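J.: Here it is, the structure in full.
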Amino acid sequence: DAGVIQSPRHEVTEMGQEVTLRCKPISGHDYLFWYRQTMMRGLELLIYFNNNVPIDDSGMPEDRFSAKMPNASFSTLKIQPSEPRDSAVYFCASMTQPGVNTGELFFGEGSRLTVL
Amino acid sequence: QKEVEQDPGPLSVPEGAIVSLNCTYSNSAFQYFMWYRQYSRKGPELLMYTYSSGNKEDGRFTAQVDKSSKYISLFIRDSQPSDSATYLCALVSGGYQKVTFGTGTKLQVIP
């Protein structure tokens, strides 16, 4: 398997523009997570899905952020409108099943977003 | 107060040194503890996990958990330049779905 695939790897946009980040999880993984990483706050969980259903979106910072998972092999994270404080690296990760020996998160390489 | 505190470093050591990386946490609900390693411009990768107090060894790496003090450590013996990365502690409570990460400690091993 190719691992978790994210696109784009880099995105530079202007304030007010819509940004869409994409993720393809590892096949067979039932859980998908979106994280945001900054120097100040580290890795923060934004939202996660189980079997394509959003389970917990309490980490989504505000209504400008939305995430969807239309099928088991694709998810998007959308920011509209974008602001400079959204600049960060956004990671997608997938997991087979939570548990003591199975709860490993497999991360993609991240999407580095810069909002000017 | 943050749920997980981790010194961001950077920590710079000579090759061959013993490295100690630490995290403290405040929530007693955390039951399962992991360390992830993140190379520059890459996603984190699981290094070790443990769910009980005490030590767990894997090659040059030892994870230590002290639940009574809410303190976890990662020791690296005979550190190598290839160990240069950011190390993130990761803690999980009973449901296992949500992983709370420390901010990470950046380690540089000088040849």
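J.: Report those strands (runs of 3 or more DSSP E) wholly inside the stretch B:54-99 carrying at least 1 residues which are farther than 21 Å from A:Leu105 by Cβ and in contact (Cβ under 8 Å) with a residue 40 or more places away in the chain. Before you say what the answer is, go through the steps one by one.
T.: On the way: elements: B:54-58, B:61-66, B:71-76, B:85-92.
Strands (runs of 3 or more DSSP E) meeting the threshold: B:71-76.
J.: Next question. Which count do you get for residues in the stretch B:34-62 that are more than 14 Å from chain A (Cβ to nearest Cβ) and either in contact with a Ser or Thr (Cβ under 9 Å, 6 or more places away or on another chain) or surrounded by 19 or more Cβ atoms within 10 Å (Cβ to Cβ) (or both)?
T.: Result for the stretch B:34-62: 4.
J.: Anything in the stretch B:1-30 that is within 9 Å of chain A (Cβ to nearest Cβ) and either within 13 Å of B:Ile72 (Cβ to Cβ) or of a type in the set (Ser, Thr, Tyr) (or both)? List them, or say none.
T.: B:Val4, B:Gln6
J.: Across the stretch A:57-107, which residue is farthest from the other protein chains (Cβ to nearest Cβ) among those that are among the hydroxyl-bearing types (Ser, Thr, Tyr) and over 15 Å from the mean Cα position of the chain (by Cα)? Reasoning before the result, please.
T.: The initial filter retains those residues of the stretch A:57-107 that are among the hydroxyl-bearing types (Ser, Thr, Tyr), namely A:58, A:66, A:73, A:75-76, A:82, A:87, A:90, A:94, A:96, A:102.
Next, only the ones that are over 15 Å from the mean Cα position of the chain (by Cα) stay: A:82, A:96, A:102.
Values: A:Ser82: 22, A:Thr96: 11, A:Thr102: 8 Å.
Result: A:Ser82.
J.: Pick out the one residue from A:Lys68, A:Lys24 that is in contact with a strand residue (DSSP E or B) (Cβ under 7 Å, 6 or more places away or on another chain), surrounded by fewer than 17 Cβ atoms within 10 Å (Cβ to Cβ) and charged (D, E, K, R).
T.: Working: A:Lys24 fails: surrounded by fewer than 17 Cβ atoms within 10 Å (Cβ to Cβ).
Within the list A:Lys68, A:Lys24, the selection yields A:Lys68.
J.: Any idea which of (1) closer than 25 Å to A:Gly108 by Cα; (2) at pLDDT 95 or above; (3) more than 13 Å from the chain's Cα centre (by Cα) is the one B:Ile110 doesn't satisfy?
T.: (1)
J.: For the stretch B:87-111, what are the residues that are out of contact with any Phe, Trp or Tyr (no Cβ under 6 Å at 6 or more places or on another chain), over 27 Å from A:Gln97 (Cβ atoms) and not hydrophobic (A, V, I, L, M, F, W, C)?
T.: Result: B:Thr103, B:Lys106, B:Gln108, B:Pro111.
J.: Would you list the strands (runs of 3 or more DSSP E) that sit entirely within the stretch A:1-42 and hold 1 or more residues that are in contact with a Leu (Cβ under 6 Å, 6 or more places away or on another chain) and under 16 Å from A:Ala72 (Cβ atoms)?
T.: Here the list reads A:31-38.
The values are calculated or read from the model by the stated rules, or taken from the named source; none is laboratory data. Note that the coordinates shown come from a computational prediction; the quantities given were computed from them, not determined experimentally. Note that we place each Cβ from the backbone using ideal geometry, even for glycine, and neighbour counts take in every protein chain shown.
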